[in-house]
1. If you average the alpha carbon positions of the range 188-254 and of the range 32-50, how far apart do those two centres end up, in angstrom?
2. Pop a pseudo-label 7 angstrom from the Cα along the beta-carbon direction at both residue 207 and residue 17 and give the gap in nm to one decimal.
3. Scale the Cα Rg of the range 4-83 by the rule-of-thumb value 2.2 N^0.38 Å and send over the ratio, two decimals.
4. Using label points projected 7 Å from each Cα along Cα→Cβ, tell me how many nm separate residue 195 and residue 49, to one decimal.
5. Say each of residue 67 and residue 167 gets a label point 7 Å from the Cα, pointing the same way as Cα to Cβ; how far apart are those two points in nm?
6. Relative contact order of the range 4-83: what whole-number percent is it, with Cα pairs under 8 angstrom and at least 6 residues apart?
7. Quick check on packing: order 4-13, 22-31 by the mean number of other C-beta atoms within 10 Å, highest mean leading.
8. Contour minus end-to-end for residue 244 and residue 25, with contour as 0.36 nm per residue of separation and end-to-end as the Cα-Cα distance?
Amino acid sequence: MAVTLSASKQGLQKVDLARKKKGWKATAVSWYEAANTSAATLKRFRQGKPIDRDVFVAICKVVGIENWEDIVEKSTTQPFETSQVAQVQWVLVLSGKIEDDDKVKADLILSQLEPLIKESNLIIQRFETAEGNWKPVSEVFKTATRTPAFRSNAIQRSKQIQLGDRTLALLLDIASSEGEETSVLLGIYSTDMQIYLPEGLNFIVFSESGETLVEIEAKSDSQGIVQELFLQPGEHFSLEVSLNEFRITEDFAI
């Protein structure tokens, strides 16, 4: 299960003082981009809601707060955090391309695993993409000038895309959240020799009904775009990335 932390009222006051010294607004793009997270996650942090531990630490450190433990709401700190007992987290990933004829077999395998998983702290997360070529992040970014840092307890996949003369990579970071929700971080970064995304690149997330959930346009100093979604099992959504006349769409299902 994902380790989450929330900020105390006193902690948030310290964070506000630190970010004001940097000249950042409470919703500054530079803040959440430097922490490799999204505007939605930063908002949850500022509201004192639980967010992923690694992201919590990053949000604090990029404003200059190294003692992030002072920001944590102590009543929500998980036991191993207060006792400093080291624990090992395991992520079990079953990955592969499943043809329509094999989907029944795959569902049967998962149904056999579910009784065993209920006896442990493991969670089955189903995530479907319409296209293949999703690979481990390290494989896609092995020659890149910058490798994004995402959550250590999440399932991470990346896919290289081509928009005109720019080589970019889509990123998926999937982790369990509160209740039955799944937290999905969608991102896009450059994998060629250029650090910044092309200015004017559009990053749009649609619901299954076609409603626009997120729309972000890359600026000249955008090193990457990251957006967090909280989804229920069975939800479908699409990501459209476009640059001038070039356009790519990916469909997903939880």
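All of the numbers you see were taken from the coordinates with simple rules; none came from a lab. Being a predicted model, the structure only gives us computed values, none of them experimental. Cβ atoms come from the backbone with ideal geometry, glycine included; neighbour counts cover every protein chain shown.
1. Taking the Cα centre of each part, the range 188-254 and the range 32-50 sit 18 Å apart.
2. Between residue 207 and residue 17, the label points sit 4.2 nm apart.
3. Values: Rg = 11.5 Å, N = 80, 2.2 N^0.38 = 11.6 Å.
Scaled against compact globular proteins, the figure is 0.99.
4. Distance between the two pseudo-spin positions: 3.3 nm.
5. 4.6
6. Working: 94 pairs, mean separation 39.5, N = 80.
Relative contact order of the range 4-83: 49 percent.
7. Working: 4-13: 17.6, 22-31: 13.8.
In descending order of packing, they fall as 4-13, 22-31.
8. Numbers: separation 219, 0.36 × 219 = 78.84 nm, distance 3.07 nm.
Once the chain is fully extended between residue 244 and residue 25, it gains 75.8 nm.
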